Amino acid sequence: MFNWFTVTATQHNDAVWLLAELQPVHEDDVAQAAAEHIARSLLVAMPEPLASWLGRCAGGPPHTATRKAVLEAALLSDFENDTDETRLQGAVVEHLWACLAPDLPGGWGLPLHVEHEHFSVIDHGGDGLSIYDFGAPDLRFRLWESKRHDAATSVTTVVSGAADQVKKDGTRYLARMTKALQSHGDARIEQLSGRIVDLWAERDASSGVGVSVGTTTAAANLPARPFQGLRRVFDMYTNPAQREGLIIHIPDLKALSVKVRAEIMKGIN
């Protein structure tokens, strides 16, 4: 998916931030890839329903009533109601971050691992976690918050609100994520899981924060310092690379979200 976006990076004292602009010609490709990513993440523990969903997307036979009920329960928490545009678009924006995150060349380079275990966009907990390899045995991590931006507010306001939220609730978010990290399989990540909450609470040099914003606002209309609020809230981080930002520009977020939902439904109906 990364190749379907034009990505530019900005080094600033506020944050290291990236702008990922969706190339309109690839909107259908992104919708299909995002839908599959959503299905794979939500059905990761259910290989047979996932295989059924993938098969139906490819034109396979209809599901049995019981299999369809399982798929609806697993996949439609954020996508059942196509009239709830705020929830639908928020879910799509969050999953786009998860799709792009493994390939983001930010302040600490490419992540070793990206954790995104949200079942629903309205669930409590952090939206994502990226872990970085700084040479054995050292690892660093960044807690992410993802937001949808609409024209009623400024991008700067959205970023500031997200930063405040992570500062307030980040310790609890990470405490919820430790269980998934403990069974990762990489001994270093499993070891980090036992210390990650303390490291965050202490604002250790191995910790960092990230805010991702999905918006229809074009690059030319973005504020000059969209992540100044991230610096204000996390000014205890002396290294700007500990603060990272991502703006995902989607020219028509409403249309893309509808297409993502249609692709999900293709594998269910």
For SER206, SER212, order by how many other beta-carbon atoms lie within 10 Å, fewest first: SER206, SER212
In square nanometres, what is one fourth of the surface area of the convex hull spanned by the alpha carbons of the stretch 2-266? 13.9 nm²
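Divide by every residue of the chain the summed helix terms, -39500 (n - 2.57) for each DSSP H run of at least 4, and state the resulting mean residue ellipticity at 222 nm, rounded to the nearest 500 deg cm²/dmol.
-13500 deg cm²/dmol
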Taking only the alpha-carbon positions of the stretch 186-255 and ignoring solvent, what does the Debye formula give for the base-10 log of I(q)/I(0) at q = 0.15, 0.19, 0.22 Å⁻¹? -0.66, -0.84, -0.95
Which residues make up the longest stretch of the chain that has no chymotrypsin sites (Phe, Trp or Tyr not before Pro) in a DSSP loop with at most 14 other Cβ atoms within 10 Å? 135-269
Going from the fewest other Cβ atoms within 10 Å to the most, one would list ASP164, ASP78 as ASP164, ASP78
Total charge of the residues flanking ALA33 in space, meaning their Cβ is under 12 Å from its Cβ, with Lys and Arg +1 and Asp and Glu -1, is -3
Here the gain from full extension of ARG232 to ARG195, 0.36 nm per residue of separation minus their alpha-carbon distance, amounts to 10.7 nm
How would you rank HIS149, HIS12, going from fewest to most other Cβ atoms within 10 Å of each one's own Cβ? HIS12, HIS149
In nm, give the distance between the simple-model label positions of ALA224 and ASP204, each being 7 Å from the Cα along the Cα-to-Cβ direction. 3.9 nm
Normalised contact order of the stretch 2-266, rounded percent, pairs of Cα under 8 Å and 6 or more residues apart: 27 percent
If each of ALA51 and ALA241 carries a label point 7 Å out from its Cα toward its Cβ, how far apart are those two points in nm? 4.4 nm
If each part is reduced to its alpha-carbon centroid, the stretch 203-267 and the stretch 135-179 end up apart, in Å, by 10 Å
Taking the alpha-carbon centroid of each part, what is the distance from the stretch 9-23 to the stretch 118-132 in angstrom? 21 Å
Give me the percent relative contact order of the stretch 111-269, please, defined on Cα pairs under 8 angstrom at least 6 residues apart. 23 percent
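Readers should treat all values here as calculations from the given coordinates under stated rules, not as data from a laboratory. What you see is a predicted model; the values in this text were computed from it and never measured. With ideal geometry, Cβ positions are generated from the backbone for all residues, glycine too; neighbour counts draw on all protein chains shown.
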